[in-house]
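Undergrad: The structure under discussion is supplied below as structure tokens; questions concerning it will follow.
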Amino acid sequence: MRLPEPWPKGWEGHREAQVLRGLALTPAERLRWLEETMATMRRWVGRARQADGAAARAGPGGAE
């Protein structure tokens, strides 16, 4: 078994690796990735606001 190559260091190297990884996908794989990502984002919408509201209701110190 061959070990995967390590990710390049630095912002530009990482961005380029991500782009090349995406280009290696077939159109069907890209569509599946997009659908899964959109479903995840829909589940996450509003979670930060919900957590922030709970902290505000708890008052100072965070205890309810």
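The values are calculated or read from the model by the stated rules, or taken from the named source; none is laboratory data. Since we're looking at a predicted model, the values are computed, not measured. With ideal geometry, Cβ positions are generated from the backbone for all residues, glycine too; neighbour counts draw on all protein chains shown.
Undergrad: Criterion first (modelled with pLDDT of 75 or more and among the polar types (S, T, N, Q)) does Gln50 satisfy it?
TA: So Gln50 does not fit the description; no.
Undergrad: Right, something else. Looking at segment 18-54, which of its residues are more than 15 Å from the chain's Cα centre (by Cα) and not in a helix (DSSP H, G or I)?
TA: If the condition is that a residue be more than 15 Å from the chain's Cα centre (by Cα) and not in a helix (DSSP H, G or I), then Ala24, Leu25, Thr26, Gly46 are the ones that fit.
Undergrad: Take Gly62 and decide whether it is at pLDDT below 85 and not hydrophobic (A, V, I, L, M, F, W, C).
TA: Yes: the conditions hold for Gly62.
Undergrad: Pairs under 7 Å by beta carbon, first residue without any contact (Cβ under 8 Å) to a residue 60 or more places away in the chain in segment 21-36, partner assigned to a helix (DSSP H, G or I) and not charged (D, E, K, R), six or more apart or different chains?
TA: Leu25/Trp33
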